[in-house]
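Engineer: Just passing along the structure, written as structure tokens.
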Amino acid sequence: MVAVFRLERLLERVVKRAADSAVIRRAMLLLTLAVAMFVGSGALPVSADSPYESVSKDATFRASIDLPDGAAFVPFSEGVTYYRLANGESCTTADVLVHGFSVPSYIWDPTYEFLASKGRCVVTLDLYGRGFSDNPDVAYTDELFATQVLELLDHLNIEKVNLLGLSNGGRVVSQLADLAPERVERLIYVASSGFRDVSRAANVDVSEAEIDELVARFPQLPAGQLSDFKDPTNFQDWDDKYAELLVHKGFARALISTRKNHDSRELDRIHAELQASDIPVTTIWGDSDTVVVYAGFAEKLERLLPKRVEHFVPESGHLPHMENQPHVEALLTDILSLE
């Protein structure tokens, strides 16, 4: 992808697996991507029969999905949510994995499987506008996502959580800790973007022109996803997997709205209050992350959360839990006191 915040920079310029038939759609989409790469720079015009934003996440779409173990759909206040639950029998405390800006819950698969193998109660979900969850026509705010997670916890009768927020998911878990601090046992930030200085757009509405401009740039997005890795050679199908997301109606609007509603002032307040709380905070960073660049907010992070425990993962970029899986799993074994 245009890695998470490279994609955000693209959105700033814009602002100033489906059903079985998706096999054909995906072939069309990858052909479009190949043509775009061959042509070179610039966005290709999107034709009326383009596969982009052509699939609605309706009941027919959901019925067509071959759900993995522990996966289900549940309706909430703002739409239907896709989630997975492992070891959920009599689960009162769970490890909740919250994904980042545009890639849905599959980005957490290695960590989900690792924690599940340890007998942990583990929850992951697709936030609104991503993956298999609905793309409602609402403002995509940190509070929207945090409320979605809380509704899922209520649905599953889970009282306490260890929250793991990846990249933009760091913003979400911070907001959740503010809304329901009594439910949070621990916060673990992985490559979190929530400490960067960003400002909410003066106009957070999303226009059709903005959507059209971003959709016209869709051919450029999948290949840029590989820049999340220090060494992308081990993840050569990563861009193809992302290309499948581009067929979902409302994806562009969700991305634009999310970026327009980002604001660091509220998160700064939350983080300062976390420092005064009893909630343990751990931060984990890839040592070669060029997406969320640690040096850009190191002083601010030290000022807001000096009590945090911090780790740097060697030989990894923006997704250290994937690129140096053994190292991150060793950290989680210690942090969560796994056997």
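Engineer: Take the Cα of Glu89, step 7 Å along the line toward its Cβ, and report every residue of the range 149-163 whose backbone nitrogen sits under 18 Å from that point.
Structural biologist: 157-158
Engineer: Can you tell me what share of the DSSP beta bridges in the chain is antiparallel? A percent to the nearest 5 is fine.
Structural biologist: 30
Engineer: Pull out a ≥ b ≥ c, the square roots of the eigenvalues of the alpha-carbon gyration tensor of the range 251-335, then state rounded if a/c is under 1.5, prolate if not and a/b is larger than b/c, and oblate in the remaining case.
Structural biologist: oblate
Engineer: Mark the label point 7 Å from the Cα of Gln325 along Cα→Cβ and return the residues of the range 83-110 whose backbone N is within less than 12 Å of it.
Structural biologist: Residues 108-110 qualify, since their backbone N sits under 12 Å from the label point.
Engineer: Assuming a ≥ b ≥ c are the square roots of the Cα gyration tensor eigenvalues, decide whether the range 88-206 counts as rounded (a/c under 1.5), prolate (otherwise, with a/b larger than b/c) or oblate.
Structural biologist: prolate
Engineer: Farthest toward the dipole's positive end in the chain, which of Ala63, Leu331, Gln175, given Cβ charges of +1 (Lys, Arg) and -1 (Asp, Glu) about the Cα centre?
Structural biologist: Selected residue: Gln175.
Engineer: At Ala139 and Asp212, where each label point lies 7 Å from the Cα along Cα→Cβ, what is the point-to-point distance in nanometres?
Structural biologist: 2.6
Engineer: Ranked highest first by the average count of other Cβ atoms within 10 Å around their residues, in what order do 285-292, 235-242, 59-66 fall?
Structural biologist: 285-292, 235-242, 59-66
Engineer: Counting only pairs 8 or more places apart or on different chains, how many lysine pairs in the chain have C-alpha atoms closer than 23 Å?
Structural biologist: So the count of such lysine pairs works out to 10.
Engineer: Run the helix sum for the chain: -39,500 (n - 2.57) per DSSP H stretch of 4+ residues, divided by residue count, reported at 222 nm to the nearest 500 deg cm²/dmol.
Structural biologist: Calculated from helices alone, the mean residue ellipticity at 222 nm is -11000 deg cm²/dmol.
Engineer: While we're on this one: For Val313, enumerate residues with amide H under 5 Å from its amide H, sequence gap 5+ or separate chain, H modeled in the peptide plane.
Structural biologist: Trp285, Gly286, Asp287
Engineer: Quick check for me: using +1 on Lys/Arg Cβ and -1 on Asp/Glu Cβ, what's the dipole size of the chain about its Cα centre, in debye to the nearest 20? Each step should come with its number before you reach the end.
Structural biologist: Values: 32 positive and 51 negative charges, 111 e Å.
In debye, rounded to 20, the chain gives about 540.
Engineer: Could I ask something else about it? Across the range 164-174, in residue order, what do the Karplus-derived ³J(HN,Hα) couplings come to in whole Hz, using 6.51 cos²θ - 1.76 cosθ + 1.60 with θ = phi - 60° and x for Gly and Pro?
Structural biologist: So the J values, rounded to whole Hz, are 10, x, 9, 6, 4, x, x, 4, 5, 5, 5.
Engineer: Please give the length that would be gained between Ser117 and Asn157 if that part of the chain were fully extended, namely 0.36 nm times their separation in residues minus their C-alpha to C-alpha distance (nm, one decimal).
Structural biologist: 12.2 nm
Engineer: Mind jotting down the three principal axis lengths of the chain based on Cα atoms? Whole angstrom, largest first.
Structural biologist: The Cα atoms of the chain stretch 55, 43, 39 Å along their principal axes.
Engineer: Using a 10 Å cut-off around each Cβ, can you sort Cys91, Cys121 from fewest to most neighbouring Cβ atoms? Kindly include the intermediate steps, with their values, before the conclusion.
Structural biologist: Values: Cys91 18, Cys121 22.
In order of increasing Cβ crowding within 10 Å: Cys91, Cys121.
Engineer: Here's a follow-up. Give me the number: length gained by fully extending Glu310 to Asp197, i.e. 0.36 nm times residue separation minus the C-alpha to C-alpha distance, one decimal in nm.
Structural biologist: So the extension gain works out to 38.7 nm.
Engineer: Another question, if that's okay. Between the range 52-70 and the range 111-144, how many Å separate their Cα centres?
Structural biologist: 16
Engineer: Grab the Cα-Cα distance for Leu67 and Asp231, subtract it from 0.36 nm times how many residues apart they are, and report the gain in nm with one decimal.
Structural biologist: Residue separation times 0.36 nm, minus the Cα-Cα distance, leaves 56.0 nm.
Coordinate-derived values only; no laboratory data. What you are looking at is a predicted structure, and each value in this text was computed from that prediction instead of being measured. When we count neighbours, we look across all protein chains shown, and the Cβ atoms used for this are built from the backbone with ideal geometry, even at glycine.
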